[in-house]
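Derivation of every value follows stated rules applied to the coordinates shown; laboratory data play no part. Computed from a predicted structure; not experimentally measured. When we count neighbours, we look across all protein chains shown, and the Cβ atoms used for this are built from the backbone with ideal geometry, even at glycine.
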Amino acid sequence: MYYPGKLFYPFIAICFLFISCKKDADQADTNPPTSTVDSTQLIKSIAKSWQDAGNANTLLETYSYDTVNRKLTINITGSGAAALDVYPSGTKEEITYNADKLVSHVDITYPSGAAPDPYYYSSADMEYDADKIIKKLTTTTLDGAVQETVFTKQLLSSGFQLTWSYDDAGMTVQRKAVFNITGNNTVNNFTYPDGSFITDSLIYDGNGNITKVFTKNADSTYVHYDFKTRQQQGDQLYKQRQLIMNGIANIPFTDNDYNGTIELFGLLSLDISNESWQYVRFPYQSVIAFNSYSNSYIDLSPSFEVDSKNRLTKFRLYEEDILYTPFDFQISYYK
């Protein structure tokens, strides 16, 4: 039987219903929230570091939780040209959740003098149907341009399907995503006007880990990712992403599904279509990944650290580019 509400991830209910806190962004470092549950899982900040053309880049986002108004604020600072091209240092994202704890609105402000490009986001709104499934996403950029993405839902015997489209330089790309009864994305399809297509099929184990991703196009079907082993602890990145994007976290968006270059929900929404596969649900230990640029496979084994409370503190991800560029994440907690 299909349960639409499965897209509502319960971790956010824990944070917003039981954590008693209302902190401003500038108080976040000195006044951590208190909780009637295990608040040791509450993430204080995430830093992402990488090299670009031999230059160091870092983005640091710090979280402030406001349970009274059902808001989460992300304050982003950074250094390095590549990092600042993504988020000008001093960017602030204020994310609002509706009565069902689903993400419903985002306001993004930029530091004075940063002068980001006019196609950077200024706000976004999400609307849901009676089953708590996304039906419309509206984004507004700094130049005032508004883009609406409408999602069409179809119930299936084993879950549901969403279809939508986006414009790519005047070309309409049709999108389709299929979800199982637990809300996990199992099929991700792009179909182009000339009839060509790309379809990803995702396989999960009993713990909700992605174990393998197959990619099919008009010419072939191949194993895109083969996650050989996963960690048994350290699922904090997965949980934080589900918390921040609750209601749409499992939708396989790509950069082209939006109309701007800056992402709506901070670091964990960057390279959303494949980077998160590496930590759904637990961080991977080893993977064989297909490099489409060299038409060959590459073995990846990331660095991984947990603290004395078995919480993830460091993890290395890889961007799917010509070099599989490594990105190092460092996580801190309120307690």
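Numbers below:
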| quantity | calculated |
| --- | --- |
| Paramagnetic label zone (point 7 Å from Cα along Cα-to-C-beta, Tyr119; backbone N under 20 Å) in region 145-186 | 145-150, 165-175 |
| The chain: calculated mean residue ellipticity at 222 nm from DSSP helix runs of at least 4, using -39500 (n - 2.57) | -2000 deg cm²/dmol |
| Cross-link pairs beyond the 24 Å C-alpha cut-off, checked among Lys314/Lys335; Lys239/Lys335; Lys101/Lys136; Lys132/Lys309 | Lys132/Lys309 |
| Of Ser296, Thr182, Ala169, farthest towards positive along the dipole that unit charges on Lys, Arg, Asp, Glu beta carbons give the chain | Thr182 |
| Radius of gyration, Dmax [the chain; alpha carbons; angstrom] | 19.3, 56 |
| Proximal lysines relative to Lys216, as straight alpha-carbon distance under 22 Å, when same-chain residues fewer than 8 apart are discounted | Lys176, Lys228 |
| Rounded to whole Hz, the Karplus (6.51, -1.76, 1.60) HN-Hα couplings of region 320-333, x for glycine and proline | 7, 10, 5, 10, 6, 4, x, 10, 9, 9, 10, 10, 10, 10 |
| Length added when fully stretched, Ile322-Asp167, from 0.36 nm per residue minus Cα-Cα | 53.3 nm |
| Separation in nanometres of the label points that stand 7 Å from Cα toward Cβ, at Tyr293 and Asp194 | 2.3 nm |
| Net length gained if the chain between Ala145 and Asp100 were fully extended (0.36 nm per residue, minus Cα distance) | 13.3 nm |
| Full-extension gain in nm, Thr152 to Asp52, via 0.36 nm per residue minus C-alpha separation | 32.1 nm |
